[in-house]
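Enquirer: Got a structure here, written out as structure tokens. Questions coming.
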Amino acid sequence: MYKNIFKLQNLKKHFLSGLSFMIPVIIMSGFCTAIGRIIGNTEIKGTLGYYLLTAGNGGMSIMIAVLAAGIGYSIAGKAAIAPGLMGGWLSTQVNASFLGGIFAGILAGIVALWLFNLKLPKNVKSIVPLVVIPLVGGILEVLMIDYVVGPPLAALTDAAVKFFTGMNTGSKFLLGFLLGGMTGFDMGGPVNKISFAVVTAFAASGIWGPAAGKNVAAMCPPLGIALSVLIFARKKYDEADRQNAVAAIIMSMCQVTEGALPFAFKDPLRVVPAVVLGSGVADGLMLSWGVTVPLLSGGIFTIPVANKPLLYLGGLLIGALIIGIVLSIIKPKLKQDEKDETIDDNLDIDIEI
């Protein structure tokens, strides 16, 4: 039973479940933070800007706890949520950050399963989920996070932060290119989620450059493809593509990378390489230019809170242009039968009865 938890496929499932718990918290907190900073007066207690910024910062402070609770829930159900929350929160207190949260979630799930499967009297069994698991799980989380795994994970996190901050411009571009290429590769799929996890780990440690890179890398694919369809190579696409391209622009502005999926499904061998190149360059530019954004999502709403908004917007446009131009060059001309189908789809046919 416990061995199944550590099978790669199951670990991936539990981790992605934890991310699905955490991402809405990040998005909610990010929008509160962005809107609060746009409104202003964030230093004056009692103003709307102050309360929105406070709420956003509070949400960010619990995101690792929510991640751990989600992982625990995926392993053992509701009973693992409380110890997972406790362990995830403790991991932020000792600076064990993202890795500590993952460990806390797995520990919460294992402890809950173990206690569920103990042979106990019926009258004791009934209080296991409400009393025994929170009690034992909470104590074990404190001992393990504060005394055993927390300190080395905190040291590892600190080393990663120092390594990143010590990188030169070229190295940061390379790291950004790798993360951006992963973000664009499957446009919201598992590889994208791995990149998101790395960026979140940096954000949890107070490093927000990768967040800026991830945001533009996620917005580039739909926008770049739309540029190819609507401007650079209109004759290489049919009417359905043009309609999807309009929707893709809107989805790009909202940072929904999945807006590129209809085109990727239709022509993956050309769309995916173009997207990986454009998103990778955009992300690399963000890191090498020192652009930071204190939000992990939000689309165009993140521009006002960037430390260098013009460079942030410039990186987005450069990445999108690379995708649009490359795709327009490698995209073949529309075949005659495809043109005919497009024309036929728009014909009005009256059927007389």
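The values are calculated or read from the model by the stated rules, or taken from the named source; none is laboratory data. Note that this is a predicted model, so its numbers are computed, not measured. No Cβ is skipped: glycine too gets one built from the backbone with ideal geometry, and neighbour counts run over all protein chains shown. Ligands, DNA and RNA are stripped out before the accessible areas are found, and what is left, the full protein with its side chains, is counted by its heavy atoms. Shrake-Rupley method; radii C 1.70, N 1.55, O 1.52, S 1.80 Å.
Enquirer: Among the residues of the range 310-327, is any assigned to a loop (DSSP other than H, G, I, E, B) and either modelled with pLDDT of 85 or more or surrounded by 21 or more Cβ atoms within 10 Å (Cβ to Cβ) (or both)?
Expert: For the range 310-327, residues assigned to a loop (DSSP other than H, G, I, E, B) and either modelled with pLDDT of 85 or more or surrounded by 21 or more Cβ atoms within 10 Å (Cβ to Cβ) (or both): absent.
Enquirer: Another question about this same structure. Pick from the range 157-173 the residues that are among the β-branched types (Val, Ile, Thr) and under 19 Å from Thr200 (Cα atoms): which of them is most open to solvent (accessible area, probe 1.4 Å)?
Expert: The initial filter retains those residues of the range 157-173 that are among the β-branched types (Val, Ile, Thr), namely 157, 161, 165, 169.
Filter again for under 19 Å from Thr200 (Cα atoms), leaving 157, 161, 165.
On the way: Thr157: 23, Val161: 30, Thr165: 80 Å².
For the range 157-173, the residue satisfying everything is Thr165.
Enquirer: Continuing with the same structure: Exactly one of these conditions fails for Ala69: (1) crowded, with 20+ Cβ neighbours inside 10 Å; (2) touching a Cys at 6+ places or on another chain (Cβ under 8 Å); (3) not polar (S, T, N, Q). Give me its number.
Expert: For Ala69, the failing item is (2).
To keep it simple, each residue is scored yes or no on (1) touching a residue at least 12 places away in the same chain (Cβ under 8 Å); (2) of a type in the set (A, V, I, L, M, F, W, C).
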{"position": "Ala240", "(1), (2)": "yes, yes"}
{"position": "Ile250", "(1), (2)": "no, yes"}
{"position": "Ala260", "(1), (2)": "yes, yes"}
{"position": "Arg270", "(1), (2)": "yes, no"}
{"position": "Ala274", "(1), (2)": "yes, yes"}
{"position": "Met286", "(1), (2)": "yes, yes"}
{"position": "Val293", "(1), (2)": "yes, yes"}
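Enquirer: Mind listing just one residue for me: the one in the range 99-122 that is under 22 Å from the mean Cα position of the chain (by Cα) and open to solvent by less than 10 Å² (accessible area, probe 1.4 Å) and, of those, farthest from Val161 (Cα to Cα)?
Expert: Gly105
Enquirer: List pairs: first in the range 8-25 and basic (Lys, Arg), second open to solvent by 50 Å² or more (accessible area, probe 1.4 Å), Cβ under 8 Å, 6+ apart or cross-chain?
Expert: As it stands, the answer is Lys12/Pro190, since those pairs meet every condition given.
Enquirer: I'd like to check which helices (runs of 4 or more DSSP H) are fully inside the range 1-66 and have at least 2 residues that are open to solvent by less than 40 Å² (accessible area, probe 1.4 Å).
Expert: On the way: elements: 2-5, 8-39, 48-61.
So the answer is 8-39, 48-61.
Enquirer: Specify the residue that is surrounded by the fewest Cβ atoms within 10 Å (Cβ to Cβ); the eligible residues are those in the range 199-248 that are under 18 Å from the mean Cα position of the chain (by Cα), part of a helix (DSSP H, G or I) and polar (S, T, N, Q).
Expert: Thr200
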